[in-house]
Each structure stands twice: as C-alpha cells, then as structure tokens.
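A.B. asks: Here it is, the structure, as structure tokens.
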Amino acid sequence: MGLDEIFTASVFASAIRLATPYIFSALGETFAQRSGVLNLGVDGMMLMGAFSGFYAVHIAQVNGAMSEPLSLLLGVAVALIVGGLMGLAMAFVSVTLKAKQGISGIGVYLFGLGLSELLFQQWVGTPKSVSGFPRINFPVLTDLPIVGEIFFHHNLLVYVAFALVPISAFVLNHTTFGLMIRAVGQNPEAADAMGVNVARVRYATTIIGGMMAGLAGASLSIALINLFQQNLTAGQGFIAVALVYFGGWRPFAVAAGAMLFSFVNALQLQIKVIGADIPSEFAVMAPYVITIIALVFATKRHEQPTALTKPYERGE
Amino acid sequence: MNKASGFSQSALAGRLNRLIDFAPVLIALLLALLVASVLLLALNANPLEAYDFMLQGAAGSENAFAETLVKATPILFVGIGITIAFRGGMINIGGEGQMIAGALAGVTIALIMGEMRVPPELAKEKGAFDIIIVACSLVGGFLMGALYGGLAGFLKAYFDVNEILSTIMLNQIAVQMMNFLLNGILLDPAEAGFNNIPKTARLVTAAQLPRLSLPIGDPHLFARTRLHWGLIIAIVLAAVIYIFLWRTSWGYRIRAVGENQRASSYAGINVKRQMMFSMFLAGGFAGLAGVVQVLGLQYRLQTDGSPAGFTGAAGFNGIVAALFGGLNPLGAIPAAAFFGGLLVGAQKMQRELGVPASLITAVNGLIVVFVVSSEIFIQQRSKRRVSVAEEEAPAPTLNPSSKMREGLSSSDDGQEEG
C-alpha cells in the first residue's frame, strides 16, 4: 500500500465535502460564542434541520408538485426556519431565563435528538432517499485533471459554506454588528453602558447559530447523504462546538479546523476502502483523539470571550 | 430586597421553603407533560390514553415495576456520579463513555476470575470466592470508569480543556474501543468465525450479581423478574454519597470548588485536585453503572455497534435524573425510578398506540431545559433568603438545590449579586 493510494484526489475532494456541515454549524456557533452564549444544543438543532429539510424535500418530490430545484430551496428554507426557531428557544432559555448554558444545551440536544427521531418514525418510517443538490459541472474547470475533481465538482451548499467563511470574518471584524457582538461577549457592562442592547445582540447571534446549524443538518440530509435516519449527525454538532474552541473563535481558523477534522475523516474512510491493516475502530476514533489533542494546545493560545456562558445581569 | 418578616423564622416557613425548592422540578415536569401532550395530539394520539399505557407499562404489574427498577439502576448510578461532578462545578457529559470503560474492565476481570480454579483454602467456602469475584469486578469497573472520568478532570485542571467537549469526545472513543475489543480479544469464542456478533462470552454463575427478591408473598416478590442486587448497591451508595458530600470535609471541598473556585483557592483548597477528584468519582459511579449492567443483567458485555448499543443512553439519562433529583444523591433515587418508569412505560405506549418511544428522549430534553430555566426563580428567592440569613445568623445558609447550582457554569467566577 503506497501513500499515493491513500492521498488520492478523491480523498481531498471528499474532505472538502465532509467539511460542509462542520463549517456551517461551527461558524454559527462562533457568532453565538463571540457574543457570550455557549450553545451546546447544536447537534439537536442540526438533527431538526436535517429532518425538516429532508421532509420538506421528500414531500415536495413525492407529490411531484414542485420542480427539483424549487423543492431543494424549500428544504433549505424550512431547515433555516426550524434551526432559527430552536435558536430562538435556546436564546430565550439562556438570555432571558439565564439558565446554565452547558446543561440547557444538553437539554436542547436531547430534545432535537428525540423529536427528529419521533417525527421521522411517525411520518416517514423507513429511510428513504431524496434527490438532493446535484454536483455542479463548471465549464472547463471541472474537467481539469485533479484540481477539477478536488475543487470544481461539488454541490451548491459546499460552495455556500466556504463562501460564508470570509463573510463571517468580515461581519465579525469589520461591521458595526460584529463590533457589538464582540463587545457584548467581552464586556457586556461596557457595551450596555454604550447603549448596546446586550440581550438583543445575543438573541440575534443565537438565532443565527441555530439557522446555521439547521442549514448544516440540511447539508447532510439533502446534499451530502440525501436521506434521513435517526441520529443522522452522530454528534457532529458537538464536534462543531469543539472546533470553535480549537479555532480560537476566529472564522478562518475555525474553518481550517473543520477542514483538518474532515480530512482525517476522509483519510479514515479511504483507509477502510483500500483495506489497510488498521482496525477500522481506530480509524474512526482518530478524529476524536486528534480533537482532544488539538484542544489541549488550542485553548492555551487564545483568549475565549470573557463573558462566555455568563448571563448578563444589569447592575442596580 | 425584601427584608426579614417575622414569619420566615418559623419552622413552618422553613419547611415551606424546602418545598418550594422542589417546585421548579415539579413545574418542569408539568410543563414537559404539557408539551408532550401537545406532541401526542399532533401525532393523533390521545395523551390521556398514552399516559395510562405508560403507567401500566411502568407499574401495572410486578414484572412491569421490576423492569422499571432494572432500568432505573444504571440511571441511578450515573446520576449519583453526575451529582458529584455538578456539585464540584464540573459538567460531566461523559457518562456514556465512563460506563463503557467500567463495563470493559469489569467484564474482563469477571471473565478471567470466573475461569480461575477456586483456591483450596476457599474450596469449602465456595460462596466466599464468588463474592470476591463480584467484588473485584465491581471495584475494577469503578476504577476504570474513574480513571476515564478523571482524565477529563485532569485535562480541565492542567490544560484548561473544556470538560464538556473532552467528555463528549471520550464517549466516542470509548464506543470505538468497545467495538474493537468486542470484535477482537473479548469476542465470545462461540461467536468467532460465525456471526461475529460483538459480545463477550457469558459470565459463569459465580461471577454474576444475584437476582433480588423480597420475602413477601409466595413466590417471593420479584422472584420471577430480572431485578438484581445492583439496585440495592446503588441505593446504599446514594446514601453514602449524601453523607460524603454534606458531612465530610472532602465533600465540603468539592462543593466549595463548585460554588466558587476563586474563593476556594483563596481559602487554600487545591482547586485542580478537587476538579480531578470530582470527575474521578463521577466516572467511577458511571463505571459501576456499566459493570453492574453486565454482572447483574446481561451476564455479558454486548452491543449492537451503535453508540448507545450497550448503555441504552443511561449516561445521558443519568444527567437528567441528577438534575431532576435536585443535585442530591437521595433525590436521584426517586428521579431515577421515575425515568426508568418513563422508559419502560414508553415501550408499552409504543406497542399499544404506535407512538415511537423516542418521545421520551425529547421529553427528557425538555425536562432538562425546564429545570435549569426555572432556577432563575429560586435564585431570586435564595438571594432574598441569604440576605435574611445574614441578618439573623452569621452561619451561611447552604441551600443545596439552588445556591450550589450557581457554580455550574464552566467559568470560574461566582455570580455577582444584583
């Protein structure tokens, strides 16, 4: 077995594809955490987004009432709305009711896990596939050797995810909204004194986080895997939270972490495919081990938002 | 701020206060039931009918009730551990992985010792050697779970790795490790070469935890059920940990760190050590949950390969039970029984009404959210009460169900008083 068997173009291509849900959800989580809200319910939100998006597309396509592109747009819209609603609930619980975020997030996760499975069993039953976002064929570019396969033969959501990385960085670092987010996350008292509505900013970022998590779920169920089954995400939302820490709360670094993680994952799948003499369990384990090791080194380097997990209470 | 009224000094008021401390739990339950009813209606099921079936399934017969207790046992073990961790300010989400770690160690010890020939000096006392096997397995399971939990505590204490994230990763790693071992050296020799269903060989009788029956009626109560001694062990340990947390200086230090790390450190408490210690104990109890499942119920370690294939998600449900029990080990006993009943009852509901039992996962999530959300109300109450207490007596009121939980955020600052 040579290295050229492992590091094939298709491994790089699938690393990019696999990174999509992580980038969506981790970018959304970055917004929430920069404003001081630790949303641990990402995985539950992803599951709900994945199911609702899948179900919308499934219904639209079964009835044949809608053209395929339209049904997919509907699926994305539904996933965004459902994710946003769950973000709203999380914001209400952690901003208005000031509940402990680490634990309430686990509650939101369990809720999303249970409800998505419940609705799936009740409304769909057995795993069915839908025709999801097709791969785009760019003129000339897609036909380029190697480069074409790696970069120019993905579905739309992959490109959307990567486009959101610089956009998120720009919003966080160079807009008034981004300034408010950072202020609220670093020093809510000062932000409040400057006239920033702390609660409103945190609601906004948590809802954005929820919508991105919903989209992340949909990117699995209607673009990457094109089906739904119970616990489809298998904990990807928690990885996304870890990636935010790993990336030091900066969008580009978070996305780089997502790429690293999914590259290890793609390698793991490839090693399984070529039947290397490594037990598959260790290959599956590897990304998680690497994440822990990465967290050991990452958390030292960057300061986390000072007000992370702390509900804001106005001094009297 | 409300000032002390004469009435609040009476014993009646004290009792009322304690009752009100449990109000959030009851309110959370009612709200969760309400949402569950709406969900059931949306699924075209009659909520009352569904709850009736659940009640029947959970407590409608001797066997149903025994099954409830059987399901409650691992939840209680994990819940005791989670209570220790949360009291120590550590958010341990790693119950699943710690259960698996404990089960792997325990089953290995039980399998090896079960094969050993009884030492001659013990040959007359065959029962004594059986007890040694079971005891060694339980201790081994506890220690392995404790080391696995302690690892997350270590990473938090010395590398500032968020324990929520590390325990979640460690869960996944434990599942893979279990799958690897069950497909490899721990695989039942009878399975090898056939189906390769991932499971160990069956434990010999000597290595099993005995079934439990109560000498009431004929045949004895629970004599024909799967109820085992694990339940008794868990209940006894719940009482032990209650005493540990509130009557020993070790427990006091854990709680102090959970309440306010900075103040504890100024008071000379080694905060890092306490973090590791509370995670060590929490992992140990989850480990016990795992090994007791093997020794008392399944008599082998087996999984379907899915993450919760062995644990039945008891590692997560233990978190719910701990919160529901007011982060008090004794409160975790009825809480675990309740969630055990919920799980068993949901299966009956699924059979009778066709409503998927996963409803319970969603309801559990809601209960968690509602319990932690309603704390804002107790916090306001306890603030009032603290100001009252400051006036009346110098001793600080340690109100277990509200003040302690303020220390649960992963940050190290105490809450500012408004």
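The values are calculated or read from the model by the stated rules, or taken from the named source; none is laboratory data. Here the structure is a predicted model, which is why all the values come from computation and not from measurement. Glycine gets a Cβ as well: all are built from the backbone with ideal geometry, and neighbour counts include every protein chain shown.
A.B. asks: Return only the number of the condition from (1) over 16 Å from the mean Cα position of the chain (by Cα); (2) in contact (Cβ under 8 Å) with a residue 12 or more places away in the chain; (3) buried (at least 20 other Cβ atoms within 10 Å of the Cβ) that A:A223 does not satisfy.
C.D. replies: With (1) over 16 Å from the mean Cα position of the chain (by Cα); (2) in contact (Cβ under 8 Å) with a residue 12 or more places away in the chain; (3) buried (at least 20 other Cβ atoms within 10 Å of the Cβ) applied to A:A223, the lone miss is (1).
A.B. asks: Among the listed residues A:F51, A:F31, A:F24, A:F92, identify the single one that is part of a helix (DSSP H, G or I), hydrophobic (A, V, I, L, M, F, W, C) and surrounded by fewer than 21 Cβ atoms within 10 Å (Cβ to Cβ). Spell out the reasoning first.
C.D. replies: Numbers: A:F51 fails: surrounded by fewer than 21 Cβ atoms within 10 Å (Cβ to Cβ); A:F31 fails: surrounded by fewer than 21 Cβ atoms within 10 Å (Cβ to Cβ); A:F24 fails: surrounded by fewer than 21 Cβ atoms within 10 Å (Cβ to Cβ).
A:F92 is the lone residue from the list that is part of a helix (DSSP H, G or I), hydrophobic (A, V, I, L, M, F, W, C) and surrounded by fewer than 21 Cβ atoms within 10 Å (Cβ to Cβ).
A.B. asks: What about B:G89, is it assigned to a loop (DSSP other than H, G, I, E, B), closer than 20 Å to B:V371 by Cβ and of a type outside the set (A, V, I, L, M, F, W, C)?
C.D. replies: Here the answer is yes, as B:G89 does meet what is asked.
A.B. asks: Still on this structure: Somewhere in the stretch A:222-238, is a residue touching a strand residue (DSSP E or B) at 6+ places or on another chain (Cβ under 9 Å) and under 17 Å from A:N265 (Cα atoms)?
C.D. replies: yes
A.B. asks: Which of the following residues is farther than 24 Å from B:A207 by Cβ, within 13 Å of chain A (Cβ to nearest Cβ) and touching a residue at least 40 places away in the same chain (Cβ under 8 Å): B:N162, B:N179?
C.D. replies: Just one listed residue meets the conditions, B:N162.
A.B. asks: Shifting gears a bit: Take the conditions of a type outside the set (K, R), farther than 18 Å from B:P74 by Cβ and in contact with a Leu (Cβ under 6 Å, 6 or more places away or on another chain) and apply them to B:F370. Does it pass?
C.D. replies: yes
A.B. asks: Another question, if that's okay. Would you pick out the residues in the stretch A:111-135 that are crowded, with 23+ Cβ neighbours inside 10 Å, within 11 Å of chain B (Cβ to nearest Cβ) and of a type outside the set (A, V, I, L, M, F, W, C)?
C.D. replies: A:G112, A:G114, A:S116, A:E117
A.B. asks: If the requirement is being under 13 Å from B:L76 (Cα atoms) and surrounded by 19 or more Cβ atoms within 10 Å (Cβ to Cβ), which of these qualifies: B:A256, B:A314? Can you show your working first?
C.D. replies: Numbers: B:A256 fails: under 13 Å from B:L76 (Cα atoms).
The match here is B:A314.
A.B. asks: Sticking with this one: Select from the stretch A:148-158 the residues that are in contact (Cβ under 8 Å) with a residue 12 or more places away in the chain and over 15 Å from A:L73 (Cα atoms) and list them in ascending order.
C.D. replies: Once the filter is applied, which keeps residues that are in contact (Cβ under 8 Å) with a residue 12 or more places away in the chain and over 15 Å from A:L73 (Cα atoms), the stretch A:148-158 yields A:E149, A:I150, A:F151, A:F152, A:H153, A:H154.
A quick yes/no check of all residues on (1) part of a helix (DSSP H, G or I); (2) at pLDDT below 95; (3) touching a Cys at 6+ places or on another chain (Cβ under 8 Å):
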site	(1), (2), (3)
B:L111	yes, yes, no
B:K124	no, yes, no
B:V134	yes, yes, no
B:G145	yes, no, no
B:A152	yes, no, no
B:V161	no, yes, no
B:M169	yes, yes, no
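A.B. asks: Would you call A:I59 more than 14 Å from chain B (Cβ to nearest Cβ) and in a helix (DSSP H, G or I)?
C.D. replies: Working: more than 14 Å from chain B (Cβ to nearest Cβ): yes; in a helix (DSSP H, G or I): yes.
Here the answer is yes, as A:I59 does meet what is asked.
A.B. asks: Sticking with this one: Within the bounds of the stretch B:358-365, is there any residue that is away from every other protein chain (no Cβ under 11 Å), farther than 20 Å from B:L69 by Cβ and in a loop (DSSP other than H, G, I, E, B)?
C.D. replies: Step one: of the stretch B:358-365, the residues away from every other protein chain (no Cβ under 11 Å) are none.
For the stretch B:358-365, residues away from every other protein chain (no Cβ under 11 Å), farther than 20 Å from B:L69 by Cβ and in a loop (DSSP other than H, G, I, E, B): absent.
A.B. asks: Residues being assigned to a loop (DSSP other than H, G, I, E, B) and either of a type outside the set (G, A, S) or touching a Leu at 6+ places or on another chain (Cβ under 9 Å) (or both): count how many of those fall in the stretch A:235-253. Don't jump to the end; show me each part of the working.
C.D. replies: Of the residues in the stretch A:235-253, the ones assigned to a loop (DSSP other than H, G, I, E, B) are A:235, A:247-250.
Right, trim to either of a type outside the set (G, A, S) or touching a Leu at 6+ places or on another chain (Cβ under 9 Å) (or both) and you get A:249-250.
Residues meeting the conditions: 2.
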